[in-house]
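The block underneath contains the structure these notes are about, expressed in structure tokens.
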Amino acid sequence: MEKKQLDWSNLGFGYIETDARFVSAYKDGKWDDGAIVTDANIVLNECAGVFQYAQTIFEGLKAYTTEDGHIVCFRPDLNAARMADSARRLEMPVFPEDRFVEAVVETVKANAAYVPPFGSGATLYIRPYMMGTNPVIGVKPADEYMFRIFVTPVGPYFKGGAKPLTIKVSDFDRAAPHGTGHIKAGLNYAMSLHAIVTAHEEGYAENMYLDPQTRTKVEETGGANFIFITKDNKLVTPKSDSILPSITRRSLVYVAKHYLGMEVEEREVLLEEVKDFAECGLCGTAAVISPVGKIVDHGNEICLPGGMDEMGPVTKKLYDTLTGIQMGRLEAPEGWIKTIL
């Protein structure tokens with residue numbers, strides 16, 4: 001299998017159309033067998049549920065080339081489970097979790113030429129998603145759905161790689177109490193677009209969202225969970241019912257405990273205590289970990305001790321350990337790595 005001729009080391013985080021994608025349709029109460037197809041376009045009725053009432057959910061995971069040349073993906077079973085939770089919350093049929101993993105494997109195999117080579121710094125981003133497809137004019141769930149997976153080779157999510165970011169405390173709320181913040185619904189991200197555009201216009205890389213009820217507790221950013229490192233080297237992650245359960249964050253918690261011997265606290269984190277942490281990072285599938293050097297709260301600058309030059313030492317150990325597991329340099333916990341080729 002010959003790789004595509006791409007400038008792997010200089011890829012951005014953008015869409016490049018690949019050769020194949022997976023499609024399955026839900027109709028009359030059941031999913032069809034699904035198939036790999038070549039057409040990247042979708043034709044839907046103008047009144048489709050996805051257009052009228054935003055009935056759509058998605059996932060994100062990656063395939064990598066390991067040091068020994070295998071193509072693998074990381075914990076796809078957790079993506080399958082999280083998508084099932086998202087579907088139930090939006091009254092959509094669950095795509096079976098075992099079939100989800102099988103479909104990911106099929107789609108990556110069909111696009112193996114687009115999986116970046118080891119050492120390039122690039123990965124193959126995998127986007128499973130589902131939408132309501134039949135006409136819906138009254139406010140109710142659709143009756144028919146489409147589940148699809150496409151892939152695209154990507155570079156780092158944030159330009160500049162591991163250089164610490166400057167972020168701002170947002171005036172907007174990411175999610176409502178008892179709302180949909182804990183699932184990966186398209187509507188959550190639509191709500192965040194104005195906030196992120198505003199942040200970028202003001203010179204910030206991202207937003208720090210606070211809890212919508214008291215606006216005193218740290219929740220997450222528009223696309224990643226927070227991790228903090230205390231001055232005595234504990235890992236602290238915010239806990240809230242409206243935070244998306246990041247697979248990367250859960251994996252980092254395990255790595256911290258079992259690989260690095262760190263103490264871990266998953267608890268409410270007050271905005272007022274952020275100034276006392278030694279390091280801060282944003283973690284998620286796209287970025288793995290992006291260090292944060294400065295947080296601006298309405299003119300008040302919270303500068304992390306690590307500064308703006310490089311990733312903090314503990315965050316760097318976490319990053320190196322997790323990516324080492326993903327790339328095959330370190331032994332993975334059982335079930336974490338799904339070998340595709």
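Points worth noting:
- Selection count where residues are surrounded by fewer than 21 Cβ atoms within 10 Å (Cβ to Cβ), in contact (Cβ under 8 Å) with a residue 60 or more places away in the chain and farther than 14 Å from Thr321 by Cβ, scope segment 235-276: 4
- Residue count for segment 200-211 satisfying the condition of being surrounded by 19 or more Cβ atoms within 10 Å (Cβ to Cβ) and either farther than 15 Å from Ile243 by Cα or of a type outside the set (A, V, I, L, M) (or both): 6.
- Comparison of Gly223, Gly132, Gly181 shows that the only residue that is closer than 30 Å to Pro93 by Cβ, out of contact with any Gly (no Cβ under 7 Å at 6 or more places or on another chain) and buried (at least 17 other Cβ atoms within 10 Å of the Cβ) is Gly181.
- Residue selected from segment 145-178 under the condition in contact with an Asp or Glu (Cβ under 9 Å, 6 or more places away or on another chain) and open to solvent by 60 Å² or more (accessible area, probe 1.4 Å), by the criterion farthest from Val23 (Cα to Cα): Lys163
- Residues (over 24 Å from His298 (Cβ atoms) and under 15 Å from the mean Cα position of the chain (by Cα)) located in segment 216-250: Leu244, Pro245, Ser246, Ile247, Thr248, Arg249, Arg250
- Restricting segment 52-67 to residues that are assigned to a loop (DSSP other than H, G, I, E, B) and under 27 Å from Val115 (Cα atoms), the residue that is most open to solvent (accessible area, probe 1.4 Å): Glu67
- Residue that is nearest to Met146 (Cα to Cα), among those in segment 96-115 that are open to solvent by less than 40 Å² (accessible area, probe 1.4 Å) and of a type outside the set (A, V, I, L, M): Phe100
- Residue in segment 180-188 that is assigned to a loop (DSSP other than H, G, I, E, B), at pLDDT 95 or above, among the aliphatic types (A, V, I, L, M) and more than 19 Å from Leu304 (Cα to Cα) present: yes
- Selection count, segment 4-17, where residues are open to solvent by less than 60 Å² (accessible area, probe 1.4 Å) and assigned to a loop (DSSP other than H, G, I, E, B): 5
- Residue among Ala20, Ala48, Ala35, Ala25 that is surrounded by 15 or more Cβ atoms within 10 Å (Cβ to Cβ) and within 24 Å of Lys338 (Cβ to Cβ): Ala20
- Number of the exception - Glu279 against (1) touching a helix residue (DSSP H, G or I) at 6+ places or on another chain (Cβ under 6 Å); (2) open to solvent by less than 10 Å² (accessible area, probe 1.4 Å): (2)
- A single member of Ile247, Ile229 is in contact with a Cys (Cβ under 8 Å, 6 or more places away or on another chain) and of a type outside the set (S, T, N, Q), and it is Ile229.
- Only one entry in Tyr64, Tyr53, Tyr15, Tyr26 is touching a residue at least 24 places away in the same chain (Cβ under 8 Å) and closer than 15 Å to Phe100 by Cβ, namely Tyr26.
- Looking only at residues of segment 184-199 that are within 17 Å of Pro128 (Cα to Cα) and free of Cβ contacts under 8 Å to residues at least 60 places away in the same chain, we find that the one that is most open to solvent (accessible area, probe 1.4 Å) is Tyr189.
- Summed over segment 298-341, residues that are closer than 17 Å to Ala63 by Cβ and touching a residue at least 12 places away in the same chain (Cβ under 8 Å) total 14.
- Only one entry of Tyr254, Tyr259 meets the criterion of being within 18 Å of the chain's Cα centre (by Cα) and of a type outside the set (Val, Ile, Thr), and that entry is Tyr254.
- Residue list for segment 289-324, filter: open to solvent by less than 30 Å² (accessible area, probe 1.4 Å) and within 19 Å of the chain's Cα centre (by Cα): Ile289, Ser290, Pro291, Val292, Thr315, Leu318, Thr321, Leu322, Thr323, Gly324
- Phe118 vs. criteria open to solvent by 50 Å² or more (accessible area, probe 1.4 Å) and at pLDDT below 95: yes
- Residues within segment 191-222 that are farther than 28 Å from Glu266 by Cα and among the small types (Gly, Ala, Ser), tallied: 1
The values are calculated or read from the model by the stated rules, or taken from the named source; none is laboratory data. All figures in this text were calculated on a predicted structure; none of them were measured in a lab. Positions of Cβ are generated from backbone atoms using ideal geometry, with glycine treated the same way; all protein chains shown enter the neighbour counts. Surface areas here come from the heavy atoms of the whole protein model, side chains and all, with no ligands, DNA or RNA. Shrake-Rupley method; radii C 1.70, N 1.55, O 1.52, S 1.80 Å.
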